[in-house]
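**Q** So that we are looking at the same thing, I have put the structure below in structure tokens.
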Amino acid sequence: MGANPNGEIVLETKDLNVFYAKSHALIDINVETKKNNVTALIGPSGCGKSTLIRSFNRMNDVIDGCKITGTVLYKGRDLYHEYNIEEIRTKIGMIFQKPNPFPMTIYDNISYGPSVHGINDTKKLDEIVERSLKLAVLWDEVKDRLKDNSLELSGGQQQRLCIARALAIEPEILLMDEPTASLDPIASAKVEALILQLRKRYTVVIVTHNMQQAARISDYTGFLYMGRLIEFAETTELFESPKEDLTEKYLTGRFG
Amino acid sequence: MTLERKSERGIKTILIICGFSAAIFVFFIILFLIINGVPAFTEIGFGDFFFGTAWHPTWTPPSWGAAPIIVGTLLVTLGAMVIAVPVGLAAAIFISQLAPSRIKRYLKTAIELLAGIPSIVFGFFGLLVLTQWLRISFNLLSGTCWLAGSIILAIMSLPTIISVAEDAITAVPITYKEASLAIGATKWQTIRRIIVPAARSGIITAIILGIGRAIGETMAVMMVTGNQAILPQPITNIFSSIRPITATLALELGEVSWGSPHYHALFALAIVLFVIVLIINSVATILIRKRVRVYKEKPKDGKGSSEILLKAKNFIKFTIYIIIVSAFLFLNFAPFLSTSDPLSLSLILILIIGIAIGIYALFKFILKVSLFYSVLMLILFWILWTWFGTLNTLLIGCFCVGIYLLFKFVLSAKFIQRIAFTFLTLSIFVVVFMLGVVIAYIVFNGAPALSWQFLTQSPSDLGRAGGVFPAIIGTILLAGGALLVGGLLGIFAGVYLAEYSHEGKINKIIRAGMDNLNGTPSIVFGLFGFAFFVIYLKFGVCLLAGQLTLGIMILPTVTRTTEEAIKAIPNSFREGSLALGATKWQTTYKVVLPAAAPGIITGLILGLGRATGETAPILFVATVFSQRFITLSPFDPVMALPTHLYTLISGVPNSTVNAYGTALVLLLLVLIFYGIAMVLRSRYQRFKKW
């Protein structure tokens, strides 16, 4: 697969702590992701991996009573203070666990992003829609029904539509929060293949429940447990010779 | 069959009958409206009634042209919606999306309080404050006009619009919001382009229910619109006096002789009102059902709509717009047309149509807006033209285009968001301010009149002196009796709907009955009570007739809250009881009802509050102006606070001080009931452990 260890560090956290109203969800996280790599975050349910990925594009801000300390750096600058929130989310796209297309047409789903960023020219929008759908390997399936309601698509198609929607605004990083968790195996395989393709152009951070998936598609893997980052290493290294006892126990299925 | 089984069946029968009661009442209301109203169409003539423009029932010869009255109802409602829909929607968006959760609670409470203020109090406030303000600031001869009516109705329909729209907006799945924010859209872009469109059917329901609320309102609108049965000249003249259907009924029913053509004509008007409200409620009901489905099911395959169908749809749409526009033009030029000579007339018409097409083309093709918006803008500019003349309208038009271009091309999304949020915040301030002003005004002016004597003495000197003791007693008797009737029926009906009914035809009939009874305007209850209890059953004007009429009116409120409270009880409670061998009724009676009691009691108190504040239903049914001795006999008439207030304002000069006092007592009584209900509900929600 070939990790790209010389890539520039694009995302980096320093002593990141996240608190929800009643719980301390992340404790002193220090992690970095490099450009054009796939970084996977694994761990048992409730370990904080979704919280971590959501703090990379400030989606935690949506949750009432969420407090964050420490810093998250994007290209060396403080993501929470030196960028405005829309700018960050434009640069760092996100795919959610459950496909969440808007209740409108396929075309409108994709053109929504560019149009909120000021692109109103129909020709340009057409181009963007086509390009994004092609990147998400969905174009051939939907090119004749762009004006159909997106909710008519199957689950796997919906998820690829969401990926296309995220790609339409040309982000640099894609965050994926268990993107295949709600899909059947065939649809999952298609999405996985897509992620491997996207790796060439984008930096991907993926949260997954599925260790095999992490091993298959990622270059780096981080293992989280109870809000702490237990181990972070190149995927092959982490899976073949984990340094921490906890990691090994988790990987061999003795808990989790 | 064991005794237990028999009593189970007996109870079920009683519950079904109570469930059906609403449908039965609706049936009787319709029946009595038809019996008393249909003769009018033969006596007056269908065309003369609907298209006649002169309503002079007491002239010789009399004429019963109801067009100005029907149009008046539509105009005053339209005006109210023009004000209430933007403000209400903005307030709903603010509460749902922007307000911090602590403030949200207080705002919702404020809006419920606004809904609780009796309409007669609004009317009193409107007459003394609003119309005076309009008269002075617009330099009018009289401030009682269409605009005043629309403003009052807007305030009164705001709570309905806000609460229903807020529910709909809050119900939009958070995943849509997250997806949009994750693309880097601003909060406002997300609200405007994702959340509001996703909540569209709920928002339309809110508007329709708001229309229903406004169109059926009687006392408030009657006191501020001036009540001349004329078509405004021109039709956009918002300072013209108008007279809606409800006001006509309330004003004239007391003076007609039973069985006369005038009496029939009033019932015919009530039929028109009832039909309008029926249509509105049916549309709202259908939309509510649809909304429940919208996030669950995939929409139907879109391929069914072929080109031809699409074209037909567009054609129908276009025709509707044309009809709207021509109706507008006709209403404005009707008197003008009949006096001019045909040649110049046709020239003018051609000119108007030419300009219309030109402006339409401008909007449609140059600015690329849809047919709907171009027609809307056309009408809008035409209205502006009748108000401000050609030059000013052009200036306003240029100004609007400038603003539009500014928003589209110059301002950043962040800046637009700031402007939008400012407006949202402003509208919630307006709503809270309205509530504050109305309450503060009544309290400050009423407080001096309030004294121990005022509360314990009978009125004297036509109500200018003395107190309101008999009215307080009368109101308590009326509302208490209504609670006994409506509460008992309503609780049983609610139990039936929640525990015993199955989805099916019977259920549909019961629900339709409840929905329609809920939407029936209060003045129609008054007419029904008069025709049925007072005349047909020969009760005469009396306490009992008032109690029954009010009881029927609050039945749907009690039923709905009971049903909701019972449905909120988790199934595990029932299963636990049933598993011990308890019968269904034992389970309901001993386990479910006690658990649901706080919710049910809340509903009862809300019903009590509503019965206390209503004027129109008891005006001809139960109350008299003056009562020397307090009698507790159900077949004697009583005094009541709302009707006493109405008589003081409308019929007794120089009684303002006591009118303020009466308004304050009434307001306090109603607000205390609402306050208790709200406290009870919030405690119940906090201590609820399931």
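The values are calculated or read from the model by the stated rules, or taken from the named source; none is laboratory data. What you are looking at is a predicted structure, and each value in this text was computed from that prediction instead of being measured. Cβ sites come from the backbone with ideal geometry, for glycine too, and all protein chains shown count toward neighbours. We work out accessible area using only protein heavy atoms, side chains counted, and drop any ligands, DNA or RNA first. Shrake-Rupley method; radii C 1.70, N 1.55, O 1.52, S 1.80 Å.
**Q** Output the helices (runs of 4 or more DSSP H) that fall wholly within the stretch B:581-685 and possess 2 or more residues being closer than 26 Å to B:Thr520 by Cβ and touching a Gly at 6+ places or on another chain (Cβ under 9 Å), or say none. Give the steps one after another, and end with the answer.
**A** Values: elements: B:584-587, B:593-613, B:641-651.
Correct list: B:593-613, B:641-651.
**Q** Filter the stretch B:184-197 down to residues that are open to solvent by 10 Å² or more (accessible area, probe 1.4 Å) and touching a helix residue (DSSP H, G or I) at 6+ places or on another chain (Cβ under 6 Å) and give me whichever is farthest from the other protein chains (Cβ to nearest Cβ).
**A** In this case the residue turns out to be B:Trp188.
**Q** Something else: Tell me, which helices (runs of 4 or more DSSP H) wholly within the stretch B:407-523 include 2 or more residues that are surrounded by fewer than 17 Cβ atoms within 10 Å (Cβ to Cβ)? So that I can check it myself, show each step before the final result.
**A** On the way: elements: B:413-446, B:452-456, B:469-482, B:488-495, B:505-519.
Because the criterion is at least 2 residues that are surrounded by fewer than 17 Cβ atoms within 10 Å (Cβ to Cβ), the helices (runs of 4 or more DSSP H) in the stretch B:407-523 that meet it are B:413-446, B:452-456, B:469-482, B:505-519.
**Q** Any idea which of (1) under 29 Å from B:Glu614 (Cβ atoms); (2) open to solvent by 10 Å² or more (accessible area, probe 1.4 Å); (3) within 14 Å of another protein chain (Cβ to nearest Cβ) is the one B:Ala168 doesn't satisfy?
**A** All conditions pass for B:Ala168, except number (2).
**Q** Separate question: Could you please give the count of residues in the stretch B:532-564 that are in contact with an Asp or Glu (Cβ under 8 Å, 6 or more places away or on another chain) and not in a helix (DSSP H, G or I)? Before you say what the answer is, go through the steps one by one.
**A** Within the stretch B:532-564, the first condition is being in contact with an Asp or Glu (Cβ under 8 Å, 6 or more places away or on another chain), and the residues that meet it are B:542-543, B:550, B:553, B:556.
Next, only the ones that are not in a helix (DSSP H, G or I) stay: B:542.
Residues flagged as in contact with an Asp or Glu (Cβ under 8 Å, 6 or more places away or on another chain) and not in a helix (DSSP H, G or I) within the stretch B:532-564 amount to 1.
**Q** I need the full set of residues from the stretch A:19-66 which are within 14 Å of chain B (Cβ to nearest Cβ) and at positive phi, in order please.
**A** Across the stretch A:19-66, the qualifying residues are A:Arg58, A:Gly65.
**Q** Residues in the stretch B:548-557: is at least one in contact (Cβ under 8 Å) with a residue 40 or more places away in the chain, touching a helix residue (DSSP H, G or I) at 6+ places or on another chain (Cβ under 8 Å) and either of a type in the set (Lys, Arg) or open to solvent by 30 Å² or more (accessible area, probe 1.4 Å) (or both)?
**A** yes
**Q** Scan the stretch B:631-668 for residues that are buried (at least 20 other Cβ atoms within 10 Å of the Cβ) and closer than 30 Å to B:Arg102 by Cβ and report the count.
**A** 1
Per-residue answers, yes or no, for (1) among the hydroxyl-bearing types (Ser, Thr, Tyr); (2) under 17 Å from the mean Cα position of the chain (by Cα):
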site: A:Gly65; (1), (2): no, no
site: A:Thr69; (1), (2): yes, no
site: A:Leu73; (1), (2): no, yes
site: A:Arg77; (1), (2): no, no
site: A:Glu82; (1), (2): no, no
site: A:Arg89; (1), (2): no, yes
site: A:Pro99; (1), (2): no, yes
site: A:Met104; (1), (2): no, no
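**Q** Under 6 Å by Cβ, and 6 or more places apart or on different chains, what pairs join a residue from the stretch A:111-128 that is within 11 Å of chain B (Cβ to nearest Cβ) and on the phi < 0 side of the Ramachandran plot with one that is small (Gly, Ala, Ser) and outside any helix (DSSP H, G or I)?
**A** A:Gly113/A:Ala168; A:Pro114/A:Ala168; A:Val116/B:Ala185
**Q** Can you tell me which residues in the stretch B:244-280 are under 17 Å from the mean Cα position of the chain (by Cα), open to solvent by 30 Å² or more (accessible area, probe 1.4 Å) and in contact (Cβ under 8 Å) with a residue 24 or more places away in the chain?
**A** B:Ile276, B:Leu278
**Q** Do the conditions hold for B:Ala206, that is, is it within 14 Å of chain A (Cβ to nearest Cβ), surrounded by 20 or more Cβ atoms within 10 Å (Cβ to Cβ) and not acidic (Asp, Glu)? Lay out the reasoning, then the answer.
**A** On the way: within 14 Å of chain A (Cβ to nearest Cβ): no; surrounded by 20 or more Cβ atoms within 10 Å (Cβ to Cβ): yes; not acidic (Asp, Glu): yes.
When the stated conditions are applied, B:Ala206 does not pass them.
**Q** I'm trying to understand the selection: among the residues of the stretch B:156-169, which are closer than 18 Å to B:Ile242 by Cβ and among the hydrophobic types (A, V, I, L, M, F, W, C)? So that I can check it myself, show each step before the final result.
**A** At the first step, the residues of the stretch B:156-169 found to be closer than 18 Å to B:Ile242 by Cβ are B:156-157.
Across the stretch B:156-169, the qualifying residue is only B:Met156.
**Q** Restrict the check to the stretch B:448-456 and report whether at least one residue is more than 26 Å from B:Ile618 (Cα to Cα) and in contact (Cβ under 8 Å) with a residue 24 or more places away in the chain.
**A** Yes; the residues of the stretch B:448-456 include at least one that is more than 26 Å from B:Ile618 (Cα to Cα) and in contact (Cβ under 8 Å) with a residue 24 or more places away in the chain.
**Q** For A:Gly155, which of the numbered conditions (1) more than 8 Å from every other protein chain (Cβ to nearest Cβ); (2) without any contact (Cβ under 8 Å) to a residue 40 or more places away in the chain; (3) farther than 22 Å from B:Pro197 by Cα fails to hold?
**A** (2)
**Q** Now, a different point. For the stretch B:152-229, please list each of the helices (runs of 4 or more DSSP H) lying entirely inside it that holds at least 3 residues being within 12 Å of the chain's Cα centre (by Cα).
**A** On the way: elements: B:174-182, B:187-190, B:200-215, B:219-224.
By residue number, B:200-215.
**Q** When you scan the stretch B:63-75, do you find a residue that is outside any helix (DSSP H, G or I), open to solvent by 20 Å² or more (accessible area, probe 1.4 Å) and closer than 14 Å to B:Leu266 by Cα, even just one?
**A** First, pick out the residues of the stretch B:63-75 that are outside any helix (DSSP H, G or I): B:63-66.
Filter again for open to solvent by 20 Å² or more (accessible area, probe 1.4 Å), leaving B:63-64.
If we keep only those that are closer than 14 Å to B:Leu266 by Cα as well, we get B:63-64.
Scanning the stretch B:63-75, I find at least one residue that is outside any helix (DSSP H, G or I), open to solvent by 20 Å² or more (accessible area, probe 1.4 Å) and closer than 14 Å to B:Leu266 by Cα, so the answer is yes.
For (1) out of contact with any Ser or Thr (no Cβ under 8 Å at 6 or more places or on another chain); (2) free of Cβ contacts under 8 Å to residues at least 12 places away in the same chain, each residue gets a yes or a no:
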{"site": "B:Val71", "(1), (2)": "yes, no"}
{"site": "B:Lys108", "(1), (2)": "no, no"}
{"site": "B:Ile117", "(1), (2)": "yes, no"}
{"site": "B:Phe125", "(1), (2)": "yes, no"}
{"site": "B:Trp133", "(1), (2)": "yes, yes"}
{"site": "B:Phe138", "(1), (2)": "yes, no"}
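**Q** A:Thr69 is checked against (1) open to solvent by 50 Å² or more (accessible area, probe 1.4 Å); (2) more than 14 Å from chain B (Cβ to nearest Cβ); (3) assigned to a loop (DSSP other than H, G, I, E, B) and fails just one. What number does that condition carry?
**A** So the condition that A:Thr69 fails would be (3).
**Q** Test of understanding: among B:Thr602, B:Thr583, which residue is of a type in the set (Ser, Thr, Tyr) and open to solvent by 20 Å² or more (accessible area, probe 1.4 Å)? Write out each step before concluding.
**A** Details: B:Thr602 fails: open to solvent by 20 Å² or more (accessible area, probe 1.4 Å).
Of B:Thr602, B:Thr583, the one residue that is of a type in the set (Ser, Thr, Tyr) and open to solvent by 20 Å² or more (accessible area, probe 1.4 Å) is B:Thr583.
**Q** What's the number of the condition A:Phe96 fails, among (1) at the interface with chain B (Cβ under 9 Å from one of its Cβ atoms); (2) out of contact with any Ser or Thr (no Cβ under 8 Å at 6 or more places or on another chain); (3) of a type in the set (Phe, Trp, Tyr)?
**A** Here A:Phe96 meets the rest and fails (2).
**Q** For A:Asp177, work out the one condition from (1) under 23 Å from A:Leu41 (Cα atoms); (2) more than 13 Å from the chain's Cα centre (by Cα); (3) open to solvent by less than 50 Å² (accessible area, probe 1.4 Å) it doesn't fulfil.
**A** (2)
**Q** Report the residue count in the stretch B:565-580 for those that are over 26 Å from B:Ala22 (Cα atoms) and either not in a helix (DSSP H, G or I) or not polar (S, T, N, Q) (or both). First the steps, then the outcome.
**A** Step one: list which residues in the stretch B:565-580 are over 26 Å from B:Ala22 (Cα atoms), which gives B:570-580.
Those left that are additionally either not in a helix (DSSP H, G or I) or not polar (S, T, N, Q) (or both): B:570, B:573-576, B:578-580.
Number of matching residues: 8.
**Q** Which residue pairs have Cβ atoms closer than 8 Å, lie 6 or more positions apart in sequence or on different chains, and pair a first residue in the stretch B:660-684 that is small (Gly, Ala, Ser) with a second residue that is open to solvent by 40 Å² or more (accessible area, probe 1.4 Å) and not in a helix (DSSP H, G or I)?
**A** B:Gly661/B:Leu450
**Q** Got a sec? Which of B:Ser201, B:Ser163 is closer than 21 Å to B:Ile117 by Cα and touching a residue at least 24 places away in the same chain (Cβ under 8 Å)? Let's see the steps before the verdict.
**A** Values: B:Ser201 fails: closer than 21 Å to B:Ile117 by Cα.
The conditions single out B:Ser163.
**Q** Right, another one. Report yes if some residue within the stretch B:87-94 is open to solvent by 60 Å² or more (accessible area, probe 1.4 Å) and assigned to a helix (DSSP H, G or I); otherwise report no. Quick ask: steps written out before the conclusion?
**A** Residues of the stretch B:87-94 open to solvent by 60 Å² or more (accessible area, probe 1.4 Å): none.
So far as the stretch B:87-94 goes, no, none of its residues is open to solvent by 60 Å² or more (accessible area, probe 1.4 Å) and assigned to a helix (DSSP H, G or I).
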